[in-house]
Amino acid sequence: MFSVGIITASDKGSCGQREDISGKTIATMLEGLCEVKHYVVVPDDQLVLSNEIINMADTIKVDLVLTTGGTGFGPRDVTPEATLAVIDRHVPGIPEAMRQESLKKTSRAMLSRAVAGIRGRTLIINLPGSPKGVAECLGVVLPVLEHGLAIMTGKAEECGNEKK
């Protein structure tokens with residue numbers, strides 16, 4: 001089983017004005033694949049978000065960090081910038097696949113600025129802020145997540161010899 005950290009970026013959620021349903025949706029969808037090691041709701045602040053990603057990757061050493069919120073066009077939507085500031089390698093296929101699938105449901109999906117990348121041996125993926133968006137986008141990633149995490153963490157061997 002892999003370990004996951006969940007970060008919800010929400011000004012209202014961080015001060016108790018809004019319940020975080022999106023973070024709970026993530027935890028529910030990952031049952032059986034990942035154990036939630038750390039969960040936090042923080043304000044939409046780039047430095048706070050970057051520091052929390054670093055904490056989860058470098059100190060807590062989770063295999064996966066999933067963020068929710070802060071990927072839109074709002075002036076305080078800075079989750080992609082916070083992520084890009086701390087990753088070592090980009091993983092563009094994940095947000096591309098999420099946007100592609102979401103476009104089948106709404107043309108607004110093209111407005112998502114979500115990114116994904118790797119810091120050390122931790123995969124970081126930005127998800128939308130709404131529970132519906134989380135479910136749709138994480139649903140796209142789930143079929144390949146276990147394989148990707150296994151390769152990244154060294155728990156799997158050659159990709160070419162495994163079932164597709």
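Every number in this text was worked out from the coordinates using simple rules, so none of it is lab data. Keep in mind that this is a model prediction, so the values were computed, not measured. Glycine gets a Cβ as well: all are built from the backbone with ideal geometry, and neighbour counts include every protein chain shown.
Positive-end ranking of 109, 78, 145 along the dipole of the stretch 50-164, with charges on Cβ about the Cα centre, is headed by 109. Electrostatic bookkeeping for residue 1 treats Lys and Arg as +1 and Asp and Glu as -1; over the other residues with beta carbon under 14 Å from its beta carbon, the sum is -2.
Note down the magnitude of the dipole of the chain about its Cα centre, charges +1 on Lys and Arg C-beta and -1 on Asp and Glu C-beta and zero elsewhere, to the nearest 20 debye.
Values: 18 positive and 20 negative charges, 74 e Å.
That gives the chain a dipole magnitude of about 360 debye.
Each of residue 40 and residue 104 was given a label point 7 Å from its Cα along the Cα-to-Cβ line. The distance between the two points is 3.6 nm.
Taking the inverse of the average 1/r across all pairs of different Cα atoms in the chain, what Kirkwood radius in Å do you get? All intermediate terms of the calculation are to be shown ahead of the outcome.
Numbers: mean 1/r = 0.0638 Å⁻¹.
Radius from the Kirkwood sum: 15.7 Å.
Of the chymotrypsin sites (Phe, Trp or Tyr not before Pro) found in the stretch 1-90, the ones in coil according to DSSP and having at most 10 other Cβ atoms within 10 Å of their Cβ are 73.
Can you tell me what the convex hull of the Cα atoms of the stretch 76-164 projects to on average, as an area in nm²?
Details: hull surface 25.8 nm².
For the stretch 76-164, averaging the hull's shadow over all directions gives 6.4 nm².
Please state the relative contact order of the stretch 1-154 as a whole percent: Cα pairs under 8 Å, 6+ residues apart? Value for the stretch 1-154: 26 percent. Computed over neighbours whose Cβ is under 10 Å from that of residue 78, the net charge equals -2, Lys and Arg +1, Asp and Glu -1. For helix 93-103, what angle does its Cα long axis make with the longest principal axis of the chain, in degrees from 0 to 90 and rounded to 10? The angle comes out near 60 degrees.
Find the relative contact order for the stretch 10-95 and round it to a whole percent, using C-alpha pairs within less than 8 Å whose residues are 6+ positions apart.
Values: 71 pairs, mean separation 23.5, N = 86.
Reported as a whole number, the value is 27 percent.
Short-range pairs are left out: with C-alpha atoms under 8 Å and at least six residues apart, the relative contact order of the stretch 61-120 is 40 percent.
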